[in-house]
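Below is one structure, written out as structure tokens; the observations come after it.
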Amino acid sequence: MKNWLCGTALAALATPILAFSALAGDVTTFTLKNGLDVVVLEDHRAPLVVQMVWYRAGSADETRGKSGVAHYLEHLMFKGTKTMAPGELSKVVEANGGSDNAFTSYDYTAYFQSIAADRLPLIMKMEADRMRNLRLTEDDWQTEREVVIEERNQRTDSDPGSIFHEQLSAAQYLNHPYGTPIIGWRHEMEKLTREDALAWYRLYYAPNDATLVIAGDATPEKVKALAEEYYGPLEPSAGIAPRQRVTEPPQLAERRLIYRDPRVSQPMLTRSYLAPERNPGDQRTAAALTILAEALGGNGQTSVLGRAMQFGSKTAISTFASYDGTSLDATTFNIGVVPAEGVSLDDAEREMDKVLADFLKTGIDQEQLARIRTQIEAADIYSRDSVHGRAMKYGEGLAIGLTIKDIEDWQGILASVTADEVMAAARQVLDRRASVTGLMERGEEATQ
Amino acid sequence: MIRTVFAGLAAVWLAVPALAAVDIQEVTSPGGIKAWLVEDHSLPFAALELRFRGGASLDAPGKRGAINLMTGLIEEGAGDLDAQGFAAAQEGLGAHFGFDSDNDTLSISARFLTENRDASLELLKKGLTEPRFDQNAIDRVRAQVVSIIQSDAQDPQSIAGNRWARDVFGDHPYGTDQNGTVEGLARLTQADMFEAKARVMARDRLYVAVAGDVTAAELGPMLDHLLGELPDKGAEFPTPPQIAMRGGTTVVDFGSPQSVVVFGQHGIRRDDPDYFAAYVLNQIVGGSGFSARLMDEVREKRGLTYGIASYLIDMDLADTWQGSFASANEKVAQAVEVVRSEWARAATQGVTEDELRDAKTYLTGSYPLRFSGNEKIANILAGMQLQGLPTDYVNTRNARVEAVTLADVKRVAKRLMTPGDLYFVVVGRPVGLK
């Protein structure tokens, strides 16, 4: 659906996070005079092109009390400019056989179109236009605020699992804005105004705060000429400063949450630990955590938690572990269990902790590590099949401050992670003091 | 004045882009297995799609859920490998297998690296021809399916979809959950799993599509080895359902701030001469883009929902035209009213010349863009075979869309859209709806 939040996109990306060292020659970068970074990812297999513009501003950059404004503005970006009527951009893209959408995350907001390669000038012209020339009428901003509230109703408030995760994140971060939901807290969303959205727009929507990614059947020469023509004349914003967000204090106390909702059918246990992210020139710990997540809970049949709890003690229906280090600031490492029929959440937690303790003692199985490496190499090849996927990978990496080199080194770093590094990362991150354990169960407590 | 800028541009770009033709080869193996192939040797892997027509509708009487459960067990142990051994072997090859079923089709998707092709297909063959259906695997996967059934029972989207299907299709497999029931699943045995496999996984209903790093010469022997040992014949296909389109609205009480709505009426057969006109009509009324009337009226103009779309659903034995959206409990009655009135407006007045032109340019322009990447191509090829389309359909399809006239759409809207039959299921605590 239109304007989906990035939670989905991130989850989809979490498995194949890969680089393209073998195809390094087809990546070209340049910067326009007004500060716009441009990346061209060539793939001439099909006459298709993807344009993405990534703004280095996401919900974690919002002013306190204005939660949801980054995402709200994302919606409003479809409302027209001096030369385009509301909805016209999407309509023109559609009328030309293309598709378009946008998404907001903690660290960035991105807009994209996918269209026949010969229509690249059309979409570049329109995307450049709305970077600086947005117009919002009185009707548009009010109706769209209703739409984002309906989006919150649909994605969060209608889904106990989403409410649960929102509460977990809020408890995980003592100080950092990752604790505030991307879509916003409802009571703050309801008060967002046209002026709030425009202030956000004027500050961040500018060539010197954006990266343009063009992927597919286009040559760097052509893209450069078009970028100069359409994006070149745009004025940079004077207010863009390096992003320095507040940081977490030491987390000294383990937190526990119990969420009860009559709509819960399947009790669930999850635990999140504060975890380091990928940083420029420093991605080894993140790579080790990526492997650790796969080893602990990647596949129910072969992972440590799956083998112990789904096959061994039969205390779980499913188990999982997840980690995505592609973020600007400290992220989380997550594990969880859906207990088997008749197994209480407390018993499931005790069992999970026993499995973790055993794992920390015995270490990662070398054969499993070898299989994970093979999968990572295979996933690298499979991922080259998707033009959109490649554009996502480079755009997201650059938006969180990585360099092209970091993005392309990632695959090699993943492949070279050793068993010792995995275990060192596990011991560093699996620290209960920096964790939140959440229990979700069926109950009659009012939710609204 | 606002629109003039792009009116000029659009005119220049409206011509259907000249896209490279997708070259579909029809391959018949020495053993007589037919397949469609698109070769692409730029990446060292291939995507293979297998389809068995009938899917979960072929459940034997009293065994609802058996085929779905069996599908989940194919990779849970085969030949000399138990479930964990099978999964480890797959990981060690970097291969990826997926197994899925719905009420028309059992689908198997495989991706494998060229360097590991033989070993990957050998492993997949084990799953297809020597599944073990070990009792402990049955118990484990059955518990997962039970968990899904219980989750669906608390999920407003599933509740709405299942209720709509039950009311429309009754006792036919299309009207019941392919997962089965908790009680029914408890009675399924290992023998039922072997029986379920024999009913659906047979060569007389098999369709094969491959895209990627495989040549036509290589493919034949590959297919004979992989699929040659499957039985020739499966179970008889069920008869079509009696469809009851009742009109009106059913409210299912569910405690949530938002109501989920599923609505629909009769559809149109894929081989009906009016199918393309209906397809274009649906794009105009309920397409997922922002140009569609429902999206414009319900979301853009009134802010009543985050998203709304409708679809022509062509199943093997029935055709429906369904849509879905969610609205706050206080707003849902108004949203339902808008949908009803848009349905009636289209039925009586048809669409405009501009709408028809935009829908056609979208549908013809977007079609070639679907053919990007081995996985997408293999999926499309499998779907075309299931629909009984010829390989040259990829070259004729856009001409058929182009041929649709305003009069066609108006006639089909009048013929097909029956606002009185439009049946709504609303799950939530809607204000002002009963």
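Considering (1) in contact with a Phe, Trp or Tyr (Cβ under 6 Å, 6 or more places away or on another chain); (2) assigned to a strand (DSSP E or B); (3) within 14 Å of chain B (Cβ to nearest Cβ), say which one A:ILE381 fails and leave the rest. Of everything listed in (1) in contact with a Phe, Trp or Tyr (Cβ under 6 Å, 6 or more places away or on another chain); (2) assigned to a strand (DSSP E or B); (3) within 14 Å of chain B (Cβ to nearest Cβ), A:ILE381 misses just condition (2).
For region B:117-128, which positions are under 23 Å from B:ASP40 (Cβ atoms) and touching a strand residue (DSSP E or B) at 6+ places or on another chain (Cβ under 9 Å)? Across region B:117-128, the qualifying residues are B:ARG117, B:ALA119, B:SER120, B:LEU121, B:LEU124. Checked against (1) closer than 30 Å to A:MET268 by Cβ; (2) touching a Leu at 6+ places or on another chain (Cβ under 7 Å), B:ALA186 meets all criteria but (2).
Determine whether A:ARG155 is basic (Lys, Arg) and open to solvent by 50 Å² or more (accessible area, probe 1.4 Å).
Judged against the criteria, A:ARG155 is a match.
Residues considered: B:LYS414, B:LYS376. Of these, the only one that is among the charged types (D, E, K, R), closer than 26 Å to A:GLY216 by Cα and touching a helix residue (DSSP H, G or I) at 6+ places or on another chain (Cβ under 8 Å) is B:LYS376. Check off (1) modelled with pLDDT of 95 or more; (2) more than 27 Å from B:ARG429 (Cβ to Cβ); (3) open to solvent by less than 40 Å² (accessible area, probe 1.4 Å) for A:LYS222 and give me the number that stays unchecked. Here A:LYS222 meets the rest and fails (3). Those helices (runs of 4 or more DSSP H) of region A:72-165 in which at least 2 residues are at pLDDT 95 or above, considering only elements entirely within it, cover A:120-132, A:138-152.
Summed over region B:156-179, residues that are within 13 Å of another protein chain (Cβ to nearest Cβ) and surrounded by fewer than 21 Cβ atoms within 10 Å (Cβ to Cβ) total 3. Take the conditions within 13 Å of chain B (Cβ to nearest Cβ) and of a type in the set (Ser, Thr, Tyr) and apply them to A:SER169. Does it pass? Taking the combined requirement at face value, the residue does not satisfy it. Would you call B:TYR306 within 14 Å of chain A (Cβ to nearest Cβ), part of a loop (DSSP other than H, G, I, E, B) and not acidic (Asp, Glu)? Against the criterion (within 14 Å of chain A (Cβ to nearest Cβ), part of a loop (DSSP other than H, G, I, E, B) and not acidic (Asp, Glu)), B:TYR306 qualifies.
Considering only residues in region A:226-252 that are among the aliphatic types (A, V, I, L, M), open to solvent by 60 Å² or more (accessible area, probe 1.4 Å) and over 24 Å from the mean Cα position of the chain (by Cα), the one that is modelled with the lowest pLDDT turns out to be A:ALA238. Applying the criterion of being in contact (Cβ under 8 Å) with a residue 40 or more places away in the chain and among the hydroxyl-bearing types (Ser, Thr, Tyr) to the residues of region A:417-448, the residue that is most open to solvent (accessible area, probe 1.4 Å) is A:THR447.
The sole residue among B:PHE237, B:PHE290, B:PHE254, B:PHE276 that is within 14 Å of chain A (Cβ to nearest Cβ) and over 30 Å from A:ASP139 (Cα atoms) is B:PHE254.
Is at least one residue of region B:241-254 more than 30 Å from B:ASP155 (Cα to Cα) and at pLDDT 95 or above? No, there is no match, as no residue in region B:241-254 is more than 30 Å from B:ASP155 (Cα to Cα) and at pLDDT 95 or above. Out of A:GLY412, A:GLY401, one residue alone is small (Gly, Ala, Ser), within 28 Å of the chain's Cα centre (by Cα) and within 24 Å of A:ILE214 (Cα to Cα). It is A:GLY401. When you go through (1) open to solvent by less than 10 Å² (accessible area, probe 1.4 Å); (2) in contact (Cβ under 8 Å) with a residue 60 or more places away in the chain one by one for B:SER310, which number turns out not to apply? So the condition that B:SER310 fails would be (2). Only one of the listed residues (B:LYS301, B:LYS376) is under 26 Å from the mean Cα position of the chain (by Cα) and surrounded by fewer than 24 Cβ atoms within 10 Å (Cβ to Cβ). That residue is B:LYS376. Each residue in region A:88-114 was checked for being open to solvent by less than 10 Å² (accessible area, probe 1.4 Å), within 9 Å of chain B (Cβ to nearest Cβ) and either under 17 Å from A:VAL213 (Cα atoms) or among the small types (Gly, Ala, Ser) (or both), and 3 pass.
Take B:ALA137 and tell me if it is surrounded by 21 or more Cβ atoms within 10 Å (Cβ to Cβ), over 25 Å from B:ARG53 (Cβ atoms) and at pLDDT 95 or above. In short, yes.
The rows are residues; the columns are (1) crowded, with 22+ Cβ neighbours inside 10 Å; (2) over 18 Å from B:GLU297 (Cα atoms).
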residue	(1), (2)
B:ASP316	no, yes
B:TRP321	yes, yes
B:SER327	yes, no
B:LYS331	yes, no
B:GLN334	no, no
B:SER341	no, no
B:ALA346	yes, no
B:GLY350	no, no
B:GLU353	no, yes
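A single entry from B:VAL146, B:VAL182 fulfils the requirement of being surrounded by fewer than 21 Cβ atoms within 10 Å (Cβ to Cβ) and either small (Gly, Ala, Ser) or under 24 Å from B:PRO238 (Cα atoms) (or both): B:VAL182. Would it be correct to say that A:VAL343 is open to solvent by 30 Å² or more (accessible area, probe 1.4 Å), under 14 Å from A:LEU439 (Cβ atoms) and not in a helix (DSSP H, G or I)? Against the criterion (open to solvent by 30 Å² or more (accessible area, probe 1.4 Å), under 14 Å from A:LEU439 (Cβ atoms) and not in a helix (DSSP H, G or I)), A:VAL343 qualifies. Look at B:ALA191 and say whether it is closer than 26 Å to A:SER265 by Cβ and either assigned by TED's automatic domain parsing to the domain that holds B:LEU58 or buried (at least 21 other Cβ atoms within 10 Å of the Cβ) (or both). Judged against the criteria, B:ALA191 is not a match. For region A:384-414, which positions are among the small types (Gly, Ala, Ser) and either assigned to a loop (DSSP other than H, G, I, E, B) or open to solvent by 30 Å² or more (accessible area, probe 1.4 Å) (or both)? Within region A:384-414, A:SER386, A:GLY401, A:GLY412 qualify. A:THR137 falls short on exactly one of the conditions (1) crowded, with 19+ Cβ neighbours inside 10 Å; (2) of a type in the set (Val, Ile, Thr); (3) more than 10 Å from chain B (Cβ to nearest Cβ), and that condition is (1). Would you check if there is a residue in region B:399-418 being open to solvent by 50 Å² or more (accessible area, probe 1.4 Å) and touching a Pro at 6+ places or on another chain (Cβ under 9 Å)? No, the conditions are met nowhere in region B:399-418. Of all the criteria given as (1) away from chain B (no Cβ under 14 Å); (2) within 14 Å of A:ALA288 (Cα to Cα), the one not satisfied by A:ILE372 is (1).
The values are calculated or read from the model by the stated rules, or taken from the named source; none is laboratory data. What you are looking at is a predicted structure, and each value in this text was computed from that prediction instead of being measured. Quick reminder, even Gly has a Cβ in these numbers, built from the backbone with ideal geometry, and neighbours come from all protein chains shown. With ligands, DNA and RNA removed, areas are computed over all heavy atoms of the protein, side chains included. Shrake-Rupley method; radii C 1.70, N 1.55, O 1.52, S 1.80 Å.
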